[in-house]
Amino acid sequence: MYTLKNMKQVKQFFASAPEKSFRKGSILLNPEDKIKNIYYLTQGNVKQYVVSKGGEELTVHIFRPGAFFPIMLAMRNAPNRFYFTALTDIKVKISPSNKVLEFLKKEQVPLYDLAVRFAQGIDGLTVRLESLLSESAASRISSLLLYLSDKFGKTSPEGTKIDLSLSQQEIAGWVGLERETVSRQMKVLSDEGLISYKKQKITVIDVKKFAKQFSN
């Protein structure tokens, strides 16, 4: 996690970069697009995903304000295989990738913290892969909700609110299930008083209780 000091270094670097707004649903990068620029997210959320040959969408990661992408692809000089799409209305600072790479070479602390974030992302991806290998739809969805509660949760009187708007189709894209299956499982969790799902907003009523039930 970036400290305030490290966030300040990154913000200062991107401060002079031009800022651009994108509406929800806008595609910032398509597969095979050359990585010419790095986007520093100042507002909103961006989804990174792939589309299978069968046309199924699988979410890989969601970026929050303070993230810059696709820095890992730029660092490896790797071809892009992903879509990067605005999950909400967003604002980004845009800087040429070569300038960002030079900055990271000179500023070792942000580079180290970037590696830590990458390691955290790998850990989250591992948890998701383990859930995808489960035959239980309930286990897949429960694992995802715990992951989102940890990464995007905000404490409220009602419980832990996941600070994202997620349709049932988008949830299905995360866990590799049909939308109808997600709908049934979300209703079960709601009926059991474990979550609240209204207007694409999810609240986990009691994370500890939810996690305990999931572990059982």
Requested in this report: Run the accessible area of region 15-64 with a 1.4 Å probe and give the carbon-and-sulfur part as a rounded percent.
Outcome: 47
Requested in this report: Distance between Cα centroids, region 141-209 to region 12-49: provide it in whole Å.
Outcome: 27
Report task. Along Cα→Cβ, 7 Å out, is where each label goes; now give me the distance between the ones at S26 and K187 in nm to one decimal. Result -> 3.8
Report task. Would you be so kind as to identify which of V50, L29, M72 lies farthest towards the positive end of the dipole of region 1-97, taking Lys and Arg as +1 and Asp and Glu as -1 on Cβ and the Cα centre as origin? Result -> M72
Query - Three-way shape label, region 162-216, alpha-carbon gyration tensor, a/c 1.5 - result: prolate
Query - Reachable lysines, given that their alpha-carbon falls under 25 Å from the alpha-carbon of K199 and they are not under 8 places away in the same chain - result: K24, K47, K91, K151, K154, K161, K187, K208, K209
Query raised in the report: Mind checking which lysines have their C-alpha under 19 Å from K106, skipping anything on the same chain fewer than 8 residues away?
Result: K5, K8, K11
Query - Accessible surface, per residue, of region 44-84 when the full set of protein chains is kept, probe 1.4 Å, Å² - result: 50
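The values are calculated or read from the model by the stated rules, or taken from the named source; none is laboratory data. Treat the numbers as computed from the prediction; the structure is a model and nothing was measured. Ideal geometry is used to build each Cβ from the backbone, glycine not excepted, and the neighbour counts take in all protein chains shown. When the accessible area is computed, the model is the full protein with side chains, heavy atoms only, and any ligands, DNA or RNA have been set aside. Shrake-Rupley method; radii C 1.70, N 1.55, O 1.52, S 1.80 Å.
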